[in-house]
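*Asks:* Pasting a structure below so you can have a look.
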Amino acid sequence: MKKFLILPSQVRPESPWEEKVAFLYNHYEKKKEEKALFDFDDMLVGCYHLFQENPSILAAYQNRFQYFLIDEFQDINKVQYELIRLLCASKNICAVGDDDQSIYSFRGSDPHYLLEFEKDYPNAKIVVLNENYRSTHEIVATANAVIKKNKERRPKEMKAQFSSPAVPTLFYPFDEEEEATMIIQDIQEKIAAGYEPQDFAILFRTNTGSRAVFERLANSSLPFRIDQDAEPFYERFIVKGMLSFLRLALNEDDQDAIRNVLPVLFVKNNVLQDLKADSILKDCSMLECLSEVKTGFAFQERKLKKLVSVIRSIRGLTPPTAIETVEKELGYGDFIKKKGNEGNKLDKGSDDVRDLKVAARGFQTLLDFLEHVNHMTAMNKEMKNISKGLANAITLSTIHRSKGLEYKIVYIISTVDGSFPHDYALDSYRNGDVSPLEEERRLLYVAITRAMEQLYISVPDKRRGKNAHPSRFLAPVK
């Protein structure tokens with residue numbers, strides 16, 4: 001909102017999520033004002049208002065700078081564009097960008113500033129740089145075939161400088177688990193044949209999609225690096241809550257598990273201390289004490305009454321069945337639905353639970369599964385600590401993070417509808433807005449063009465336990 005120069009008083013919420021954001025935006029701005037603080041966006045917005053309100057200051061900078069060169073122009077947002085328009089009175093501006101690589105709308109970027117550049121600068125000369133010096137002809141041709149389906153773009157076609165007998169390959173694993181196994185085996189074979197770990201990148205649409213690949217790599221001897229900021233799958237809020245119910249089945253006095261299930265049961269965190277005390281006074285488990293909590297709401301107390309019997313009933317079940325039982329008997333689905341209504345379009349808690357079921361399928365007991373979860377969580381923390389020091393390592397990355405980078409061999413995983421393009425883009429398309437879908441296609445274009453020599457695109461038959469359909473973006477290259 002701020003990047004679009006929309007003040008808190010000008011926000012017109014169109015959903016419960018935007019209502020919450022508008023409230024926080026207003027509260028946040030007031031707190032900053034009280035403490036006389038500026039954040040990063042304020043430096044841009046503040047500068048814009050300074051120039052608007054002080055023509056003499058603007059004139060001084062217009063006279064000081066005669067020429068402007070702006071790189072990555074497709075990533076520019078409204079406040080940045082307006083600042084350039086104010087400063088560039090001389091019209092001596094060189095904007096370098098590729099509208100086919102505009103993938104940051106969530107940060108306020110808009111490719112239309114590049115697409116419609118001549119409207120504000122009618123004397124502009126257009127220079128097309130269409131020679132690709134990175135990728136083989138076969139990879140470039142695949143990228144061209146994908147991106148030309150977009151309507152909102154400047155017509156152009158990249159040309160490669162060399163060819164290769166290795167053509168881009170689509171492969172069809174059964175599910176996420178087999179996908180990960182196939183990729184790691186292929187990497188091991190290629191390294192044995194002379195490639196280095198640093199030659200490989202495994203790219204995914206969202207961080208949650210990397211869970212199976214991470215686990216295969218963690219159990220291999222291959223060096224790899226992961227995104228320092230990525231939230232570990234088993235630490236995600238919805239996943240952690242579900243795992244806590246499973247942990248309580250093995251230990252009814254697990255305080256961390258009790259703490260994590262309270263929000264799911266819509267019980268306030270301040271009851272935790274009372275539960276500890278009651279457990280000692282009544283000589284019973286914390287889980288038993290939780291089931292006796294009085295909230296004043298009959299529906300809530302009925303759910304709490306069921307808690308002990310349901311948790312004890314899942315002890316001997318397989319992990320997937322135990323998860324389904326918690327979903328059904330304790331209203332976990334209702335909690336996820338409420339969180340989904342409060343969240344943004346990219347977050348779907350139900351997807352996290354489906355991913356968790358897939359991860360749990362390989363284990364027969366809760367103990368084995370939870371030991372695996374603990375091991376993977378510890379490995380994730382360890383890898384984040386050592387990733388920076390690994391120069392020769394396989395890269396695991398979201399496509400957004402990979403922009404601007406290049407690798408000899410690239411694997412793009414889970415290239416199916418719902419993952420790529422993402423569900424939210426498909427929902428927008430069904431509601432008449434094609435922009436998110438076109439950005440998703442640009443994202444695939446960016447992923448494809450990270451590859452220098454070999455490209456592998458995975459199209460699993462099943463995703464999150466359900467039948468999957470190949471990404472509509474792949475239609476031109478099948």
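The values are calculated or read from the model by the stated rules, or taken from the named source; none is laboratory data. Note that this is a predicted model, so its numbers are computed, not measured. Note that we place each Cβ from the backbone using ideal geometry, even for glycine, and neighbour counts take in every protein chain shown. Heads up: the accessible areas ignore ligands, DNA and RNA and are worked out on the full protein's heavy atoms, side chains in. Shrake-Rupley method; radii C 1.70, N 1.55, O 1.52, S 1.80 Å.
*Asks:* Under 7 Å between Cβ atoms, which residue pairs at least 6 apart in sequence (or on different chains) link something in segment 134-150 that is farther than 11 Å from Gln454 by Cα and part of a helix (DSSP H, G or I) with a partner that is open to solvent by less than 10 Å² (accessible area, probe 1.4 Å) and acidic (Asp, Glu)?
*Replies:* Partner pairs satisfying both residue conditions: Ile147/Asp100.
*Asks:* May I ask you to list the residues in segment 254-268 that are closer than 16 Å to Gly296 by Cα and within 29 Å of the chain's Cα centre (by Cα)?
*Replies:* Narrowing segment 254-268 to residues closer than 16 Å to Gly296 by Cα: 262, 265-268.
Within segment 254-268, Leu262, Leu265, Phe266 meet the criteria.
*Asks:* Please determine whether any residue of segment 42-51 is without any contact (Cβ under 8 Å) to a residue 24 or more places away in the chain, hydrophobic (A, V, I, L, M, F, W, C) and in contact with a strand residue (DSSP E or B) (Cβ under 8 Å, 6 or more places away or on another chain).
*Replies:* No, segment 42-51 contains no residue that is without any contact (Cβ under 8 Å) to a residue 24 or more places away in the chain, hydrophobic (A, V, I, L, M, F, W, C) and in contact with a strand residue (DSSP E or B) (Cβ under 8 Å, 6 or more places away or on another chain).
*Asks:* Sort out which residues of segment 18-48 are closer than 16 Å to Asn77 by Cβ and open to solvent by 60 Å² or more (accessible area, probe 1.4 Å), and write them in order of number.
*Replies:* Here is the first cut: in segment 18-48, the residues closer than 16 Å to Asn77 by Cβ are 39-48.
The answer is Phe40, Met43.
*Asks:* Then there's this: What do you reckon, is Pro55 closer than 20 Å to Ser105 by Cβ and open to solvent by 30 Å² or more (accessible area, probe 1.4 Å)?
*Replies:* On the way: closer than 20 Å to Ser105 by Cβ: no; open to solvent by 30 Å² or more (accessible area, probe 1.4 Å): yes.
Against the criterion (closer than 20 Å to Ser105 by Cβ and open to solvent by 30 Å² or more (accessible area, probe 1.4 Å)), Pro55 does not qualify.
*Asks:* Could you figure out which of (1) charged (D, E, K, R); (2) touching a Lys or Arg at 6+ places or on another chain (Cβ under 9 Å); (3) closer than 20 Å to Ile399 by Cα isn't true of Asp175?
*Replies:* (3)
*Asks:* Taking segment 58-72 only, how many residues are open to solvent by 60 Å² or more (accessible area, probe 1.4 Å) and closer than 19 Å to Val128 by Cα?
*Replies:* Here is the first cut: in segment 58-72, the residues open to solvent by 60 Å² or more (accessible area, probe 1.4 Å) are 61, 63-67, 69, 71-72.
Now restrict to residues that are closer than 19 Å to Val128 by Cα: 69, 71-72.
Within segment 58-72, residues that are open to solvent by 60 Å² or more (accessible area, probe 1.4 Å) and closer than 19 Å to Val128 by Cα number 3.
*Asks:* Do you know which of the residues in segment 73-124 that are acidic (Asp, Glu) and more than 22 Å from the chain's Cα centre (by Cα) is surrounded by the most Cβ atoms within 10 Å (Cβ to Cβ)?
*Replies:* First pass over segment 73-124, keeping only residues acidic (Asp, Glu): 75, 82, 98-100, 110, 116, 118, 120.
Those left that are additionally more than 22 Å from the chain's Cα centre (by Cα): 82, 98, 116, 118, 120.
Working: Glu82: 17, Asp98: 21, Glu116: 11, Glu118: 11, Asp120: 14.
So, considering only residues that are acidic (Asp, Glu) and more than 22 Å from the chain's Cα centre (by Cα), the one surrounded by the most Cβ atoms within 10 Å (Cβ to Cβ) is Asp98.
*Asks:* If you don't mind, there's one more thing I want to ask. Among all residue pairs at least 6 apart or on different chains, which show Cβ distances below 9 Å where the first residue, located in segment 1-15, is of a type in the set (D, E, K, R) and the second is at pLDDT below 90 and not in a helix (DSSP H, G or I)?
*Replies:* What qualifies is Lys2/Gly108; Lys3/Gly108; Lys3/Ser109.
*Asks:* Kindly list, by first and then second residue, each pair from a residue in segment 90-112 that is β-branched (Val, Ile, Thr) to a residue that is outside any loop (DSSP other than H, G, I, E, B) and open to solvent by 60 Å² or more (accessible area, probe 1.4 Å), limited to pairs with Cβ atoms under 9 Å and residues at least 6 apart or on different chains.
*Replies:* Close Cβ pairs satisfying both conditions: Ile93/Leu69; Val96/Leu69.
*Asks:* With touching a Gly at 6+ places or on another chain (Cβ under 7 Å) and over 18 Å from Arg247 (Cα atoms) as the only criterion, which of Lys268, Lys303 stands out?
*Replies:* Lys303
*Asks:* Just need a number here: residues in segment 287-307 that are surrounded by 12 or more Cβ atoms within 10 Å (Cβ to Cβ) and within 36 Å of the chain's Cα centre (by Cα).
*Replies:* 7
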